[in-house]
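The values are calculated or read from the model by the stated rules, or taken from the named source; none is laboratory data. In this text the structure is predicted, and so the values were computed from the model without any measurement. Note that we place each Cβ from the backbone using ideal geometry, even for glycine, and neighbour counts take in every protein chain shown.
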């Protein structure tokens, strides 16, 4: 699964007391490590790959603002997302733009970024909610046009968000079904 996130972590030595870092991450089962290596090569070697043995996963992560500006943003500007993930990308890009303008180094800019982060993915962490109790989440972009421009794109979507599943039922008779599911996660 790919995600656009913004890490906001306490750092007492910084002027605002907080470090802001945009992060692009793709996390897959560790068996997909060769695919992650190909993706890293495609993105000009930017980022790092790590393995989490507890979760049986491998992650490709880009957190360098330089690589996000020079590799990730141009890629997703050229190849538009067509799902609600695009809303997270739009918010992610607005944080990157704020960082490029050094707004994250001011309290006003930090509060703006926290308000954006509150509308991304799963919202704010408990720590951020407690530390920024008066921040109001910005309005999350609504992605209306979700038409697939090329039906062949469904292949990539189904590979990333689907599975094959055998199911057996025993009441009132025995039945075996083979199913193909495409998972769609709903965000608040």
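General observations
- Residue check, residue 127 assigned to a loop (DSSP other than H, G, I, E, B), loosely packed, with under 15 Cβ neighbours inside 10 Å and modelled with pLDDT of 95 or more: no
- Residue in region 152-165 that is modelled with pLDDT under 55, surrounded by 13 or more Cβ atoms within 10 Å (Cβ to Cβ), out of contact with any helix residue (DSSP H, G or I) (no Cβ under 6 Å at 6 or more places or on another chain) and not in a helix (DSSP H, G or I) present: no
- Breaking point among (1) surrounded by 17 or more Cβ atoms within 10 Å (Cβ to Cβ); (2) touching a helix residue (DSSP H, G or I) at 6+ places or on another chain (Cβ under 8 Å); (3) within 25 Å of residue 29 (Cβ to Cβ), for residue 98: (3)
- Residue list for region 12-47, restricted to those being modelled with pLDDT of 95 or more, loosely packed, with under 12 Cβ neighbours inside 10 Å and touching a strand residue (DSSP E or B) at 6+ places or on another chain (Cβ under 7 Å): none
- Residue satisfying condition, being modelled with pLDDT of 95 or more and either surrounded by 12 or more Cβ atoms within 10 Å (Cβ to Cβ) or not in a strand (DSSP E or B) (or both), within set 73, 54, 82: 73
- Residue match in region 3-11 (condition: assigned to a loop (DSSP other than H, G, I, E, B) and at pLDDT below 95): no
- Test: residue 110 is touching a helix residue (DSSP H, G or I) at 6+ places or on another chain (Cβ under 7 Å), at pLDDT 95 or above, crowded, with 18+ Cβ neighbours inside 10 Å and over 13 Å from residue 21 (Cα atoms): no
- Subset of region 59-91 [over 15 Å from the mean Cα position of the chain (by Cα) and under 15 Å from residue 26 (Cβ atoms)]: 67, 71, 79
- Unmet criterion (only one of (1) out of contact with any helix residue (DSSP H, G or I) (no Cβ under 8 Å at 6 or more places or on another chain); (2) closer than 27 Å to residue 45 by Cβ) for residue 73: (1)
Residues are listed down the side, and each one gets a yes or a no for (1) under 30 Å from residue 104 (Cα atoms); (2) assigned to a strand (DSSP E or B):
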{"site": "14", "(1), (2)": "yes, no"}
{"site": "35", "(1), (2)": "no, no"}
{"site": "38", "(1), (2)": "no, no"}
{"site": "41", "(1), (2)": "no, no"}
{"site": "46", "(1), (2)": "yes, no"}
{"site": "50", "(1), (2)": "yes, yes"}
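- Of the residues making up region 57-70, those that are in a helix (DSSP H, G or I) and in contact with a helix residue (DSSP H, G or I) (Cβ under 9 Å, 6 or more places away or on another chain) are 65, 68, 69.
- Residues of region 86-108 classified as under 21 Å from residue 66 (Cα atoms), part of a helix (DSSP H, G or I) and free of Cβ contacts under 8 Å to residues at least 12 places away in the same chain, total: 2
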